[in-house]
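First up is the structure itself, then whatever we jot down about it.
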Amino acid sequence: MESAIAFVDACGLGELTMRRLGTVLGVEAMALYRHISGRADLLEAMVDELIDGLFDDELMTEDAHSWEEYLQRVANATRKLAIGHPRIFPLIATQPPAAPWLRPPLRSVRWVEEFLSSLQRFGFSDRDAVAAYKSFTSFLVGALLLHAASLTPEAIGDEDGEASSETDLGQYPTVQRLQDLLREDHTQREFDDALDDLIERIRTSRDK
């Protein structure tokens, strides 16, 4: 699975086929079918591998002392995943889940169990824990899909970091005037601020 993930990181999801992966591994594509039934199962296994890998992230190996700290740890571990695999993260958000009530990016039953039980250890009721799960995963998908998309080689441009073509902004004077501000990268601060706002909303809405 590591080879498939590395292939997509380097070449993009659209380039992944069983034949091309077999070439990378030095085997015939048919040999791969002894271990996995096809590309769809391969994609699902990649998602499971990456999401389960969050349990081994250094942010998740230490116990949180509050539910706020727990959410911050999960959020930043998932952010590291999106930054490390920007070409794969959209797949995590769009791959069909094991059940329709599992939300990306924490779409595995193992992670939902971990998330809900952790919040309940901090005193969340059933309803509050589920509400927090829904709000939290919606926040993660929105924030991290946008950030991951901006990190792909296709979005960044050529080796010098310049886009292959620039839109003529002459007809858009406000955008042209503000383009330097629009180019500024404050993604970590914006992520932290949005996460703080979410935590505050969860705090004020509990048991209402």
Practice item. Determine whether the range 3-24 contains at least one residue that is on the phi > 0 side of the Ramachandran plot and touching a residue at least 40 places away in the same chain (Cβ under 8 Å). Key: yes
Check your understanding: For the range 17-34, does any single residue satisfy the condition of being open to solvent by less than 10 Å² (accessible area, probe 1.4 Å) and of a type in the set (Val, Ile, Thr)?
Key -> no
Review point. Quick check: is even one residue across the range 70-86 β-branched (Val, Ile, Thr) and not in a helix (DSSP H, G or I)?
Key: no
Practice item. Check whether at least one residue in the range 67-86 is among the aliphatic types (A, V, I, L, M), at pLDDT 90 or above and open to solvent by 20 Å² or more (accessible area, probe 1.4 Å), and report yes or no. Key: yes
Check your understanding: Can you spot a residue in the range 9-30 that is in contact with a Pro (Cβ under 9 Å, 6 or more places away or on another chain) and in a helix (DSSP H, G or I)?
Key -> yes
Point to revise | Single residue of the range 35-62 satisfying the filter (assigned to a loop (DSSP other than H, G, I, E, B) and aliphatic (A, V, I, L, M)) that is most open to solvent (accessible area, probe 1.4 Å) | key: LEU59
Point to revise | Number of the condition not met by PRO90 [criteria: (1) farther than 25 Å from ARG206 by Cβ; (2) in a loop (DSSP other than H, G, I, E, B); (3) open to solvent by 30 Å² or more (accessible area, probe 1.4 Å)] | key: (2)
Revision key, fill the gap. Going through (1) modelled with pLDDT of 90 or more; (2) within 28 Å of SER138 (Cβ to Cβ); (3) among the polar types (S, T, N, Q) one by one, THR187 fails only at (1)
Exercise for review: Restrict the check to the range 34-51 and report whether at least one residue is closer than 22 Å to GLN188 by Cα and at pLDDT 85 or above.
Suggested key: yes
Check your understanding: Looking only at helices (runs of 4 or more DSSP H) that fall completely inside the range 98-167, which ones have 3 or more residues that are open to solvent by less than 20 Å² (accessible area, probe 1.4 Å) and modelled with pLDDT of 90 or more?
Key -> 109-121, 126-151
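The values are calculated or read from the model by the stated rules, or taken from the named source; none is laboratory data. Fair warning: this is a prediction, and the values are worked out from it, not measured in the lab. Reconstructed Cβ throughout: ideal geometry from the backbone, glycine too, with neighbour counts over all protein chains shown. The accessibility values were calculated without ligands, DNA or RNA, using every heavy atom of the protein model including side chains. Shrake-Rupley method; radii C 1.70, N 1.55, O 1.52, S 1.80 Å.
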